[in-house]
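Structure first, then comments.
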Amino acid sequence: MDLTALRLGIDALNAAYADCIDDDRLEEWPDFFVEQGRYLITDRESHRAGLRHGVIYCASRDMAIDRVMATRRVLVYEPHRYRHIVSPARIDRVEGGVAEARANFLAVRIMHSGDSSLFTTGRYLDRIDISGPDFKLLERTVVLDSQKIDTLLAIPL
C-alpha cells in the first residue's frame with residue numbers, strides 16, 4: 001500500500017471514529033477496535049512518565065462494550081455531546097501490517113441547553129491494523145493536553 005492510500009485510509013478511520021462519537025452512536029464505537037484492542041485516556045504528564053493509567057481504560061473490545069453499556073445505563077452525568085476536529089494523520093512507522101500514527105484533536109462540548117465550549121485538546125497515538133480491507137485500532141492512547149477536565153468524562157473521546 002502506498003503512503004497516500006495509507007494516509008487516506010487512516011484519515012477516513014479517524015473521521016468515521018469522530019462521527020460515531022459526535023453522532024451519539026456509541027454502540028458502534030467498540031467496532032473501531034480489534035478484539036483485544038486497547039483504549040486509554042490519559043494526560044500528557046502521565047504519558048511522558050510512562051504511566052499506563054488514565055481516566056478511561058479498556059483492555060479489549062468487550063471492555064469498550066461494557067463502557068458503552070455503563071454510559072447508557074449506569075453513569076449519571078449532565079446530557080451533552082461532542083464535536084471533534086481531527087487533524088490529518090502523521091504516520092510514524094509501518095511494519096508487518098501495523099501502522100503507528102498520530103493525530104491532533106480538539107473536542108467542543110455541546111450541552112443539552114445548546115451552550116458550547118472547548119472541552120479538551122490532545123493527541124491520538126494509534127497502532128492500527130492495516131492488514132485487512134477495514135482498518136482497525138489495535139491501540140488508541142488519547143493524550144490530553146491538560147490534566148484538568150471540568151466535568152465527568154463519561155463519553156469516549
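Please treat every number below as a calculation from the coordinates, not as lab data. The model shown is predicted, which means the values in this text are computed figures rather than measured ones. Every residue, glycine as well, gets a Cβ built from its backbone with ideal geometry; the counts of neighbours run over all protein chains shown.
R0 = 22 Å: FRET efficiency of residue 111 with residue 28, Cβ-based, nearest 0.05?
Working: r = 23 Å, r/R0 = 1.06.
The computed FRET efficiency comes out at 0.40.
Loop only per DSSP, at most 11 neighbouring Cβ atoms within 10 Å: give me the chymotrypsin sites (Phe, Trp or Tyr not before Pro) in region 1-86, ordered by residue number.
Working: sites: 17, 32, 33, 39, 57, 77, 82; in loops: 77.
In loop regions of region 1-86 (DSSP not H, G, I, E or B), the sparsely surrounded chymotrypsin sites (Phe, Trp or Tyr not before Pro) are 77.
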Given the DSSP H assignment, sum -39500 (n - 2.57) over each helix run of at least 4 residues in the chain and divide by its residue total; what's the result at 222 nm in deg cm²/dmol, nearest 500?
-7500 deg cm²/dmol
For q = 0.15, 0.19, 0.27, 0.32 Å⁻¹, what log10 I(q)/I(0) does region 110-157 give under the Debye formula with an equal point scatterer on each alpha carbon and no solvent?
-0.58, -0.77, -1.07, -1.25
State, to one decimal in nm, how far the label point of residue 75 lies from the label point of residue 7, with both points 7 Å from Cα in the Cβ direction.
3.4 nm
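How do 111, 63 rank when sorted from fewest to most other Cβ atoms within 10 Å of their own Cβ?
111, 63
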Could you give the length gained on full extension between residue 16 and residue 131, defined as 0.36 nm per residue of separation minus the Cα-Cα distance, in nm?
39.6 nm
Give the Rg/Rh ratio for region 34-86, taking Rg as the radius of gyration of the Cα atoms and Rh as the Kirkwood radius, to two decimals.
1.02
Scoring only Lys, Arg, Asp and Glu (+1, +1, -1, -1) among other residues with Cβ under 9 Å from the Cβ of residue 58 yields +1
Among 86, 138, 47, whose Cα sits farthest toward the positive end of the charge dipole of the chain (+1 at Cβ of Lys/Arg, -1 at Cβ of Asp/Glu, about the Cα centre)?
47
